[in-house]
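**Student:** Handing you this structure, nothing more for now.
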Amino acid sequence: MTATSDITRERIAATEAVIRPHIRRTPLLAADLADFGLAPAPVIFKLELLQHSGSFKARGAFANLLLRQVPQAGVVAASGGNHGAAVAYAAQRLKVPATIFVPDITSPAKAERIKGYGAELVIAGNRYADALAASEAHVARTGAMAVHAYDQAETLLGQGSVGLELEQDAPEIDTLLVAVGGGGLIGGIAAWSAGRTRIIAVEPELSPTLHDAFEAGAPVDAPASGLAADSLAPRRVGELMFPIARAHVERAVLVSDDSIRQAQAALWSRLRLVTEPGGAAAFAALLSGGYRPSPDERIAVLVCGANTTAVKFDD
């Protein structure tokens, strides 16, 4: 499957049924924006940070390993960290060899998680693009199956299961805020919602991949730095997700690194949710005023990752 037309509600539902035994149905947390010093209004948090491997990425990883034919050489992935951890976890569960390439900006928490799942970890360069190039060379050399972090149909189909769950568990929501890096998550969710829910993309100002693609009319290279660079800075969004986003994502909101830090702190202090910067980015749009809901608008925020060393317990 390589065409955007393959990423449909029917295929997402079929994929969800295949991966269901291997993933968690993550819970919702209902809160009030008044808890965060904003005007009173209900808000729902979809807690995908509680997914296996610490982020939503496990959904796409299992979709790839279960829907495609895995060669004896196993699987290989390039990642800022979360995708690598997810592929390593899925490979461990399905008893498949895995090699994960990451740039040197990958956080220690993510590197430790990848190694903890038994995958071979390779540090390659200082950007996601460097790790991707190294992984492609590994595929050519070994015949291993590449599992792309976002520009692979099976990846989008797996991530789309987040939208399926949310529609079933909170059908009343009007708007969903989703952080964007390469766009696999928002692409899958937007394909599922197909206009039924307003989808707002949220990106760091220093990594405006979808924002710049919208302005250019196609995926283009964008800056790739900032606080959330290990999860939201792949240089450009995927080719597969872009037509879906152009059709079903209302707009991209940019947030500063400071607002992401404040969102991390607020989620911890008010809700006791430990998030990595990328996991807090979507909420940063609400907290900073980058996205202002209208009166009576029913808002949901996807909290997508928690692989951080921000909280440590003494041995």
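The values are calculated or read from the model by the stated rules, or taken from the named source; none is laboratory data. Since the model is a prediction, treat every value here as computed from it, not as a measurement. For neighbour counting, all protein chains shown are included, and Cβ atoms are generated from backbone atoms with ideal geometry for every residue, glycine included. To get the accessible areas, we keep the full protein, side chains included, count just its heavy atoms, and leave off ligands, DNA and RNA. Shrake-Rupley method; radii C 1.70, N 1.55, O 1.52, S 1.80 Å.
**Student:** Anything in region 203-229 that is open to solvent by less than 50 Å² (accessible area, probe 1.4 Å), modelled with pLDDT of 95 or more and among the small types (Gly, Ala, Ser)? List them, or say none.
**Tutor:** Ala213, Gly217, Ala218
**Student:** Starting from region 19-42, keep only residues that are in contact (Cβ under 8 Å) with a residue 24 or more places away in the chain, then list their pairs with residues that are open to solvent by 80 Å² or more (accessible area, probe 1.4 Å) and in a loop (DSSP other than H, G, I, E, B) whose Cβ atoms are within a distance under 7 Å, requiring at least 6 positions of separation or different chains.
**Tutor:** Hits for this filter: Leu33/Pro40; Pro42/Arg298.
**Student:** Could you identify the single residue in Arg93, Arg24, Arg59 that is at pLDDT 95 or above, under 20 Å from the mean Cα position of the chain (by Cα), charged (D, E, K, R) and assigned to a helix (DSSP H, G or I)?
**Tutor:** Working: Arg93 fails: under 20 Å from the mean Cα position of the chain (by Cα); Arg24 fails: assigned to a helix (DSSP H, G or I).
Arg59 is the lone residue from the list that is at pLDDT 95 or above, under 20 Å from the mean Cα position of the chain (by Cα), charged (D, E, K, R) and assigned to a helix (DSSP H, G or I).
**Student:** Something else about it: Might you check whether a residue that is charged (D, E, K, R), more than 21 Å from Ala170 (Cα to Cα), under 14 Å from the mean Cα position of the chain (by Cα) and crowded, with 20+ Cβ neighbours inside 10 Å occurs anywhere in region 234-252? Outline the logic, then answer.
**Tutor:** Going through region 234-252, the residues charged (D, E, K, R) turn out to be 235-236, 239, 246, 250-251.
Those still in the list that are more than 21 Å from Ala170 (Cα to Cα) too: 235-236, 239, 246, 251.
Filter once more, keeping what is under 14 Å from the mean Cα position of the chain (by Cα): none.
No - not one qualifying residue is present in region 234-252.
Yes or no, residue by residue, for (1) at pLDDT below 95; (2) within 19 Å of Lys57 (Cα to Cα); (3) assigned to a loop (DSSP other than H, G, I, E, B):
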site: Gly158; (1), (2), (3): no, yes, no
site: Ala201; (1), (2), (3): no, yes, no
site: Ser231; (1), (2), (3): yes, yes, no
site: Pro234; (1), (2), (3): yes, yes, yes
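**Student:** Restricting the search to region 294-313, which residues are buried (at least 20 other Cβ atoms within 10 Å of the Cβ) and not polar (S, T, N, Q)?
**Tutor:** Step one: filter region 294-313 for residues buried (at least 20 other Cβ atoms within 10 Å of the Cβ), giving 299-308.
Ile299, Ala300, Val301, Leu302, Val303, Cys304, Gly305, Ala306 - these are the residues of region 294-313 that are buried (at least 20 other Cβ atoms within 10 Å of the Cβ) and not polar (S, T, N, Q).
**Student:** So how many residues does region 136-156 have that are crowded, with 21+ Cβ neighbours inside 10 Å and outside any helix (DSSP H, G or I)?
**Tutor:** Counting residues in region 136-156 that are crowded, with 21+ Cβ neighbours inside 10 Å and outside any helix (DSSP H, G or I) gives 7.
**Student:** Considering every residue within region 124-135, establish whether at least one is out of contact with any strand residue (DSSP E or B) (no Cβ under 7 Å at 6 or more places or on another chain), open to solvent by 20 Å² or more (accessible area, probe 1.4 Å) and at pLDDT 90 or above.
**Tutor:** For region 124-135, residues out of contact with any strand residue (DSSP E or B) (no Cβ under 7 Å at 6 or more places or on another chain), open to solvent by 20 Å² or more (accessible area, probe 1.4 Å) and at pLDDT 90 or above: present.
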